[in-house]
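Following: one structure in structure tokens, then a few remarks.
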Amino acid sequence: MSDRYSKSRRLTQQSAQLIAGTASLLNDPPLVFVRAQGNRLWDADGNEYIDHHAAFASQLLGHNHPEVNLAVSTAIERGSSMMGSGVTEGEIQLAELIRAAVPSMERVQFASTGNDALTQAIRLSRAWTCREDIVVMLGGYNGWHNDASHAALPALELVGPRQVGEYQFATTLADFPADVRRHVHVINFNDLDSVEYILQRYPIACVITEPMLQNIGVIPPRPGYLAGLRKLCDEHGALLVFDEVRSGFRASFGGYQSIAGVTPDLSVFGKNLANGYPFGVVGGRGSVMALFDSPDPSWCVTLNGTFNPHPLTIAAALATLTILQREQDGVYQRLESLGGRLQKGLEMVFAELNVTATVSRMGAAFCVYFCDHVPVDWHDLMTSHDFALDRRYRRGLIERGIYLFPLPCKQGLLSAAHTREDINKMIEATREILSAEHPSVLRHLSAT
Ligand SMILES: Cc1ncc(COP(=O)(O)O)c(C=O)c1O
């Protein structure tokens with residue numbers, strides 16, 4: 001069958017024979033992208049898309065940014081290679097730039113991915129506190145390593161009703177040692193009572209959270225939540241770890257922590273920091289980070305990784321941070337202004353069509369929830385949001401040349417390469433898609 005996506009479909013089928021896990025790529029229709037530039041993607045069939053996915057929030061300046069690409073190609077021409085021994089000047093410059101932007105990053109260490117850096121943050125916390133347990137958030141995502149890879153999007157029947165305390169560690173059982181589950185406590189975001197409950201009962205090394213929950217859209221912290229976490233961690237001797245892999249350098253130059261005014265003990269950055277190159281950074285209090293240097297083997301935290309840090313990634317990150325530092329006001333004001341225009345436009349369409357939908361946004365990150373409020377946590381989301389309509393909405397956008405990841409609640413993103421025309425197209429497409437919905441769906445929504 002030949003259709004608009006036939007080449008993409010054929011490539012996806014071919015890859016399924018050779019590459020395990022293709023089914024989990026979740027692209028529906030099964031798009032295969034072959035090129036990207038700025039705010040645009042092209043699939044194998046030549047269809048063009050405005051990109052609101054930004055490679056899972058790793059493209060803040062837009063795809064193939066010329067200055068970032070030039071920095072990488074210059075590094076190659078100058079003979080930079082993966083020497084794998086000793087430090088490089090680029091790393092030192094980058095560490096200085098990061099510390100200047102995010103003062104809590106007194107010392108840093110580089111890794112190849114956010115996942116690797118988060119693993120290090122947990123190890124540092126365990127070594128510092130001499131405790132083994134950790135707290136993570138239901139609906140959050142902090143990498144795929146054993147400790148944090150609880151099912152990020154579990155069915156409500158699996159986790160059970162809302163309660164003060166922890167929820168079942170709802171991950172697949174086949175590939176996780178049972179003992180790992182014992183040490184990981186899953187609670188709802190925005191729920192200080194549950195944090196306190198767990199801290200009182202278990203030897204908690206750290207509480208890990210995105211300061212704004214973004215794996216399920218844009219769920220902001222309630223007023224006082226992050227400050228409350230800080231206080232509880234201090235009272236109980238646990239470390240507070242902010243996962244800023246998504247929010248870092250996207251929400252603001254100083255990370256979401258600079259907006260929230262709450263200082264974590266450790267933070268993890270990645271994604272945006274190298275504008276599309278694989279990267280992760282863990283950093284924070286000098287005394288905790290010093291565990292990487294400890295001569296005492298009973299305290300020392302192991303640090304390995306042939307490709308940590310890769311000189312080409314360092315070149316990309318240096319260029320990205322230099323651009324952000326130089327054009328700080330311009331970039332963040334532009335993202336805020338585009339984001340505001342999008343939010344206002346979508347809200348007008350929802351009002352016009354009498355659709356119950358709410359836009360949640362933090363600067364360049366947005367999410368449309370098909371319910372009458374921004375959910376506060378996983379339970380709220382699962383019981384309020386119309387997932388089926390969300391799926392149809394995303395499919396409709398893709399058919400109109402706008403790529404929002406086709407999984408409900410996945411965050412939409414703007415990059416510095418987006419324009420007002422792109423925003424107008426998104427607003428118009430939303431009007432078209434929702435106008436075509438059967439009125440009973442919209443009425444049902446309005447009634448909820
Ligand atoms: C909040 C958050 N933390 C950590 C990670 C893991 O980062 P990486 O995919 O670079 O390993 C991700 C990736 O999606 C993320 O969104």
*Order these peptides, 261-274, 418-431, 194-207, by their mean beta-carbon neighbour count within 10 angstrom, highest first.*
261-274, 194-207, 418-431
*asked:* For a quick check: with amide H placed at 1.01 Å from N, whose amide H comes under 5 Å from Cys206's, ignoring anything fewer than 5 positions away on the same chain?
replied: Val135, Leu239
_Additional length obtainable on full extension of the chain from Arg10 to Arg162, 0.36 nm per residue less Cα span_ = 50.3 nm
*asked:* Sorted from largest to smallest, which semi-axis lengths in Å does the alpha carbon gyration tensor of the chain give for its equivalent ellipsoid, taking the root of 5 times each eigenvalue?
replied: 34, 28, 21
_Close Lys-Lys pairs in the chain, where close means Cα under 30 Å and separation is 8 or more or interchain_ = 10
*Using R₀ = 30 Å, calculate the FRET efficiency as 1/(1 + (r/R₀)^6) where r is the Cβ-Cβ separation of Asp329 and Val34; round to 0.05.*
0.25
*Would you list the membrane-span-like helices of the chain, meaning whole DSSP H runs whose alpha-carbon atoms span at least 20 Å along their axis and whose mean Kyte-Doolittle value is at least -1.0?*
114-129, 311-326, 328-353, 420-435
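Need one word for the range 312-386: rounded, prolate or oblate. Basis is the Cα gyration tensor (sqrt eigenvalues a ≥ b ≥ c); a/c below 1.5 gives rounded, then a/b vs b/c decides.
Because a/c hits 1.5 or more and a/b fails to exceed b/c, the range 312-386 counts as oblate.
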*Mind listing the long-range amide H neighbours of Arg107? Cut-off is under 5 Å, sequence gap 5 or more, other chains count too, H placed in the peptide plane at 1.01 Å from N.*
Gly284, Gly286
*How high is the relative contact order of the chain, in percent, counting Cα pairs under 8 Å that sit 6 or more residues apart?*
21
*So how far, in whole Å, is the C-alpha centre of the range 1-78 from the one of the range 167-229?*
33
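With Cβ to Cβ distances under 12 Å as the rule, what net charge do the other residues near Val241 carry (K, R +1; D, E -1)?
Residues near Val241 contribute -1 overall.
Of the beta bridges DSSP finds with both residues in the chain, what % are antiparallel, to the nearest 5? Before the final figure, lay out the partial values.
On the way: 27 of 44 bridges.
Bridges in the chain are about 60 percent antiparallel.
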*Applying 1/(1 + (r/R0)^6) with R0 = 25 Å to the Cβ-Cβ distance of Leu353 and Thr419, what FRET efficiency is obtained, to the nearest 0.05?*
0.50
*asked:* From the C-alpha coordinates alone, can you work out the Kirkwood hydrodynamic radius of the range 66-326, in Å?
replied: 18.8
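Using the per-residue mean of other Cβ atoms lying within 10 Å as a proxy for protection, in what order, highest first, do the peptides 275-282, 348-355, 244-251 fall? Walk me through the intermediate numbers first.
Values: 275-282: 26.0, 348-355: 15.8, 244-251: 28.8.
Those peptides, ordered most packed to least, come out 244-251, 275-282, 348-355.
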*Spin-label point model (7 Å from Cα, Cβ direction): what's the Trp144 to Ser287 distance in nm?*
3.7
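Viscosity 1.306 mPa s, temperature 10 °C: give me the Stokes-Einstein translational D for the range 313-445 in µm²/s, with Rh taken as the Kirkwood radius over C-alpha pairs.
100
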*Using the alpha-carbon centroid of each, what span in Å lies between the range 84-109 and the range 317-394?*
32
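Quick note: the coordinates plus some simple rules give every number you see, no bench work behind them. Quick caveat: nothing in here was measured; it's all calculated off a predicted structure. Positions of Cβ are generated from backbone atoms using ideal geometry, with glycine treated the same way; all protein chains shown enter the neighbour counts.
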